[in-house]
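Worksheet: one structure, shown below.
Read the figures in this text as sums done on the coordinates, not as results from a lab. Here the structure is a predicted model, which is why all the values come from computation and not from measurement. Virtual Cβ from ideal backbone geometry, glycine too; neighbours counted across all protein chains shown.
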Amino acid sequence: GQNIDQPTEMTATEGAIVQINCTYQTSGFNGLFWYQQHAGEAPTFLSYNVLDGLEEKGRFSSFLSRSKGYSYLLLKELQMKDSASYLCAVRDGDYKLSFGAGTTVTVRA
Amino acid sequence: DAGITQSPRHKVTETGTPVTLRCHQTENHRYMYWYRQDPGHGLRLIHYSYGVKDTDKGEVSDGYSVSRSKTEDFLLTLESATSSQTSVYFCAISESEGSDTQYFGPGTRLTVL
């Protein structure tokens, strides 16, 4: 089966930076996704990495190292509205998505 | 936002009753998926469809069946609901399997008493 690990919870202060790590062991690899999910809502797409390196998109950046089975999502200049769960998902060799359990980020004033 | 709706949004039912959840899309995407989300488990794939009348099982398919008679509609049926099927169910769509992002519907909260 697939194994995707990410921390359960993280807390940070408004304006700060938070880094959410994700490690994975999957049967094949065809890309890694990060989704944001506010409480009671649907997951929404944040970023996609298929090659090693950093992808930057405004205040959010995502990094991938395929050889290490590792990714992180970096949230800069945190805002209260960034309080949410962040889901790491890996597309395996059969092109199916496997999700981690999610990291709940709480932003404090 | 992708045009995906789910119905009903909330449902309470009793053990042993049949339940059907509907996912409707207006994007004409080929692929549709059903996931369930439970605390501590993340999203898990139940069934998916790669075209009209073409479906396949996911990771947690036992106790569920699906049907897709039109591109825009993907139905998930619990033939005889059990308390272990209490969950939040999300539908997702993607244009292709290999390279496209999946976009999620608003979810259905199902409680089986």
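Using a ≥ b ≥ c from the Cα gyration tensor of the range A:24-78 (square roots of the eigenvalues), is it rounded, prolate or oblate, where a/c under 1.5 gives rounded and otherwise the larger of a/b and b/c decides, a/b for prolate? It comes out oblate by the Cα gyration axes. When the Kirkwood radius is taken over all Cα pairs of the protein assembly as shown, what Stokes-Einstein diffusion coefficient follows at 10 °C and 1.306 mPa s, in µm²/s? The estimated diffusion coefficient comes to 88 µm²/s.
Can you give me the relative contact order of chain B as a percent, contacts being Cα pairs under 8 Å and 6 or more apart?
Result for chain B is 35 percent.
Our note on the geometry: Cα centres of the range B:49-113 and the range A:24-63, 22 Å apart. A Gaussian network model of chain B, with springs between Cα atoms under 10 Å, assigns the largest mean-square fluctuation among B:Ser80, B:Ser65, B:Ser94 to B:Ser80. Sorted largest first, the spans of the alpha carbon positions of chain A along the three principal axes are 42, 29, 19 Å. Couplings 3J(HN,Hα) of the range B:73-84, computed from phi: 10, 9, 9, 10, 10, 9, 5, 8, 4, 10, 4, 5 Hz, in residue order, whole Hz [Karplus 6.51 cos²θ - 1.76 cosθ + 1.60, θ = phi - 60°; x for Gly and Pro]. Comparing B:Gly16, B:Gly58, B:Gly40 in a Gaussian network model of chain B (Cα springs below 10 Å), the most mobile by mean-square fluctuation is B:Gly40. Need the list of aspartates and glutamates near A:Lys76 for cross-linking: C-alpha distance under 19 angstrom, and skip anything on the same chain fewer than eight residues off. Within the straight-line cut-off, A:Lys76 pairs with A:Glu9, A:Glu14, A:Glu55, A:Glu56. Where both bridge residues fall in the protein assembly as shown, DSSP classifies roughly 90% of the beta bridges as antiparallel. Measuring r between the beta carbons of A:Ala109 and B:Lys70 and using R0 = 45 Å, the FRET efficiency lands at 0.40. Over chain B, consider all pairs of different Cα atoms and compute the Kirkwood hydrodynamic radius from their mean reciprocal separation; express it in Å, one decimal. This gives a value of 13.9 Å.
Normalising the average separation of contacting C-alpha pairs (under 8 angstrom, six or more residues apart) by the number of residues puts the relative contact order of the range B:53-113 at 27 percent. Within the range A:68-109, name every residue whose backbone N is under 20 Å away from a label modeled 7 Å from Cα of A:Phe29 along the Cβ vector. It comes to A:68-74, A:87-102, nothing else.
Between their Cα atoms, which of A:Lys57/B:Lys11; A:Lys96/B:Lys70; A:Lys68/A:Lys96; A:Lys81/B:Lys57 are more than 26 Å away from each other? With Cα atoms farther than 26 Å apart: A:Lys57/B:Lys11; A:Lys81/B:Lys57. The convex hull of the Cα atoms of the range B:39-81, projected and averaged over all directions, covers 3.6 nm².
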